[in-house]
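Here is the structure we will look at, set down as structure tokens.
The values are calculated or read from the model by the stated rules, or taken from the named source; none is laboratory data. Since the model is a prediction, treat every value here as computed from it, not as a measurement. With ideal geometry, Cβ positions are generated from the backbone for all residues, glycine too; neighbour counts draw on all protein chains shown.
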Amino acid sequence: MSGTERFDRAAPTWDLEDRRVVLARGVAEAIAARVPLSSGLVTLDFGCGTGLVTLALAPKVGAITGADTSPGMLKTLAEKAGAAGTPVRLVALDPEGTGDLGGPYQLIVSSMTLHHIPDVPALFRRFTGQLRPGGRVALADLDQEDGSFHEDATGVHHLGFAREHIETWLKAAGFLDVQLETAIVSRKNGKDYPVFLATARVA
Ligand SMILES: C[S@@+](CC[C@H](N)C(=O)[O-])C[C@H]1O[C@@H](n2cnc3c(N)ncnc32)[C@H](O)[C@@H]1O
């Protein structure tokens, strides 16, 4: 089974796991605390999944887009957005995630998706090309872990990240004011998994 098929299968019941909802809420709160949000901010949620972060941020930003490689995840987000009366533009990416992200944006957020991306430095370079001048990123993912976070590691390319690597890759892609902090500590099977939030802006 491919990574995309795994997420397609998981999509209808994704939100039933409290841990995921709590993690996404913590990330959305950390983003709101770190990034000046406003009603005009054209925003992308990269690897949006069922939209846990997308829909939490939607009332605080302008037009919001969710991009994902999983049609099942996007379908679930479309249903939730429709039920909530919240407009969300959806971008369906090819299985490699290399398609057009539909920018330019003023803010790109992402939660728990970077570890599914083989070449993260290349993704950061892609983000700079999708941002308007002064645009920002706010990216959350796991700190380095021992491989115990995922029961099914299909499509997992990184066992979390060293924060200094994220900082180096963002700076190499041209980002300024790179800052990393702990967004939330996720608890799973009796173990703590810290989740960082990296923020940065382009010139
Ligand atoms: C762990 S889920 C996180 C979903 C959501 N951001 C959240 O916080 O609930 C990872 C998401 O990344 C998507 N994904 C995996 N590889 C991707 C890629 N190369 N490009 C874009 N999205 C990808 C998956 O389909 C899935 O929806």
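Ala32 fulfils the conditions (1) surrounded by fewer than 19 Cβ atoms within 10 Å (Cβ to Cβ); (2) within 11 Å of the ligand (Cβ to nearest atom); (3) touching a residue at least 24 places away in the same chain (Cβ under 8 Å) except for a single criterion, (2). Does Thr65 qualify as being within 9 Å of the ligand (Cβ to nearest atom), surrounded by 15 or more Cβ atoms within 10 Å (Cβ to Cβ) and not charged (D, E, K, R)? Here the answer is no, as Thr65 does not meet what is asked. Regarding Arg25, is this residue assigned to a helix (DSSP H, G or I) and modelled with pLDDT under 95? Answer is no for this residue. Restricting segment 86-120 to residues that are part of a loop (DSSP other than H, G, I, E, B) and closer than 15 Å to Ala58 by Cβ leaves a set whose member that is nearest to the ligand (Cβ to nearest atom) is Val88.
Of the residues making up segment 143-164, not a single one is surrounded by fewer than 19 Cβ atoms within 10 Å (Cβ to Cβ), assigned to a strand (DSSP E or B), on the phi > 0 side of the Ramachandran plot and touching a strand residue (DSSP E or B) at 6+ places or on another chain (Cβ under 9 Å).
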